[in-house]
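What follows is a set of notes on a single structure, which appears directly below.
Since every read-out is calculated from the coordinates, none of them should be taken as a lab result. Everything quoted here is computed from the prediction, not taken from an experiment. Because the Cβ atoms are built from the backbone with ideal geometry, glycine has one as well, and the counts that use them run over all protein chains shown.
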Amino acid sequence: MTIFQSIVLGIIQGASEFLPISSSGHLVLAPYLFGWEISVEEAFIFDVLVQVATLSAVLVFYWKDLVLILRAVIDGIISKSPFRDSLARLGWYLILATIPAGIIAILFKDTFEKSFSNPRAASYFLLGTSILLILGEIFGTRSRSLKKLSWIDALIIGLFQTFALFPGVSRSGSTISGGMIRGLDRPSSARFSFLMAVPVMIAAGVLALTDLFSAPNLIKQLPIYFAGFFSAAIVGYFAIRWFISYLSKQSLYLFAGYCAFIGITFLFILS
């Protein structure tokens, strides 16, 4: 991987991590389209690291929310009433929602890692993302805000997140669709999805660092990884801001159509 390739892939990651079009799928298909030969181990480590980069975008965009949630959780623990405050409940729900995907990711890490070099699989999973977005629009009542979120809602949204362990299934798309199916409005679903990214990406970053430190030629590769890291973080911040504004007025059908188009196009190219 070169610095130029890292920057390009970082921009793709930053733009597609928060839009429901699957950043992992694009990171698998883009090298194939450009004819770039990147090893499986290097691609997986880079993919997870740039996802951690977009974590910084979430932290910046939702900084005030995260501080208030953390403070409410701590106050709830101290007062021995951890679920009394709505923000404290939201904090615990965010943790609960990360458990299903975390357990499955640890149990089947090698399986998911191998799939990151399979463009055909990513194309099929992009079609899966399209279906999830359509189902969210069709079956979502979109009548509730985060204040009415329950622990069952959080757990089910977390189960939807397990689909995103495969490259091509959008994490934001699957969780936003899960939230909408549970009755949340689009902006509330997106907000919960993005806040869920914090513990998920922290966990993914720890796993990536483990692989990173055992990788050959680490010192040589660090500047390359950092180039992608910073480009993903910057683009990711602006992607969040735009997408939240978009969801206040528009549906997800545009992104469903895009995922279907990219998936079908690449299946045709690969045939």
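In Å and whole numbers, how far do the C-alpha atoms of the range 120-271 stretch along each principal axis, longest first?
For the range 120-271, the Cα spread along each principal axis is 52, 41, 27 Å.
Sorted by mean Cβ packing within 10 Å, highest first, what order do the peptides 134-143, 23-32 take? Kindly include the intermediate steps, with their values, before the conclusion.
Numbers: 134-143: 15.8, 23-32: 24.3.
The peptides rank, most packed first, as 23-32, 134-143.
Given contacts defined as C-alpha pairs under 8 Å and at least six residues apart, what's the relative contact order of the range 3-270, whole-number percent?
36 percent
Mind ordering 254-264, 175-185 by average Cβ neighbours within 10 Å, highest first? Could you put the intermediate results ahead of the total?
Numbers: 254-264: 19.1, 175-185: 26.0.
So the order, starting with the most tightly packed, is 175-185, 254-264.
Which of the peptides 84-95, 163-174 is most tightly packed, and how do the rest follow, judged by the mean count of other Cβ atoms within 10 Å per residue? Walk me through the intermediate numbers first.
Details: 84-95: 19.2, 163-174: 25.8.
Final packing ranking: 163-174, 84-95.
Output wanted: per-residue J couplings in Hz (rounded whole) for the range 10-22, from phi through Karplus 6.51 cos²θ - 1.76 cosθ + 1.60, θ = phi - 60°, x for Gly and Pro.
Result, ordered by residue: x, 5, 4, 4, x, 6, 9, 5, 9, 7, x, 10, 6 Hz.
Relative to the longest principal axis of the chain, what angle (0 to 90°, nearest 10) does the C-alpha long axis of helix 171-181 take?
30 degrees
Taking every pair of distinct Cα atoms and averaging 1/r, then inverting, what Kirkwood hydrodynamic radius in Å comes out for the chain?
Values: mean 1/r = 0.0536 Å⁻¹.
Evaluated over the chain, this radius sits at 18.7 Å.
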